[in-house]
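Just below is one structure, and these are the notes that go with it.
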């Protein structure tokens, strides 16, 4: 076992939540998934709430916690297990105040060692580094060197998530560097043989 786990992020748009619910169940049924992040962009709060209402019970059925992207207020309102905050979102301290002491809170650190240390010392449950590879989900990405993961795993105990264009074909260096989680969007949801096959392809590398 590598010790690296899969961290799934939803596509930025879910035009058919019912259809995606089936795809989520397929993915979670295919192999171990540590976490699901609900990350919808350019939609209203009602759309996010509807998605959360449909997806959280499915994830919880598989024992998978659900984090809301960006919005601690919506995370509380929808019953998420935590929140992931980026560099332009609510600061960690505010997210913790809103979510309470038991929620899982992760912080985007891109390629900043300083920000990661600050987040860990403040109490973040994990830090996220990336993007490591070109990503189809974000236009403006900061490139992170793989050695930031190796450095982190050597000096810190707080888990780290690697994100950004990660596929079964390119993830091995991140696994070997000590990434605790691989955050994945397209390599699972856009897999030509379906999301279950996408999860199994990662499991073949990290399992």
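Taken together, the values in this text are just the output of simple stated rules run on the coordinates, not laboratory data. Just so it is clear, the model here is predicted, and its values are computed rather than measured. For neighbour counting, all protein chains shown are included, and Cβ atoms are generated from backbone atoms with ideal geometry for every residue, glycine included.
Numerical summary
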item	result
Within a Gaussian network of the chain (alpha carbon springs, distance under 10 Å), most fluctuating of 110, 41, 49	41
Protection proxy ranking of 190-196, 94-100, 77-83 - average other beta-carbon atoms within 10 Å, highest first	77-83, 94-100, 190-196
Proxy reagent accessibility, fewest Cβ within 10 Å first, across 92, 62	62, 92
Where labels lie 7 Å past Cα in the beta-carbon direction, separation of residue 42 and residue 26 in nm	2.5 nm
Most mobile of 183, 54, 19 in a GNM of the chain (Cα contacts under 10 Å)	19
Tensor-based shape of the stretch 21-126 (alpha-carbon gyration tensor, a/c under 1.5 rounded, otherwise prolate or oblate)	prolate
Per-residue [θ]222 nm for the chain (sum of -39500 (n - 2.57) over DSSP H runs n ≥ 4, rounded to 500)	-12000 deg cm²/dmol
Candidates 63, 106, 86, ranked by Gaussian network fluctuation over the chain, Cα under 10 Å, top entry	63
Proxy reagent accessibility, fewest Cβ within 10 Å first, across 156, 104	156, 104
Relative contact order for the chain, counting Cα pairs under 8 Å that sit 6 or more residues apart, in percent	23 percent
Förster radius 35 Å - calculated FRET efficiency between residue 170 and residue 54, Cβ distance, rounded to 0.05	0.65
Residue 61/residue 13 FRET efficiency (R0 22 Å; Cβ-Cβ; nearest 0.05)	0.40
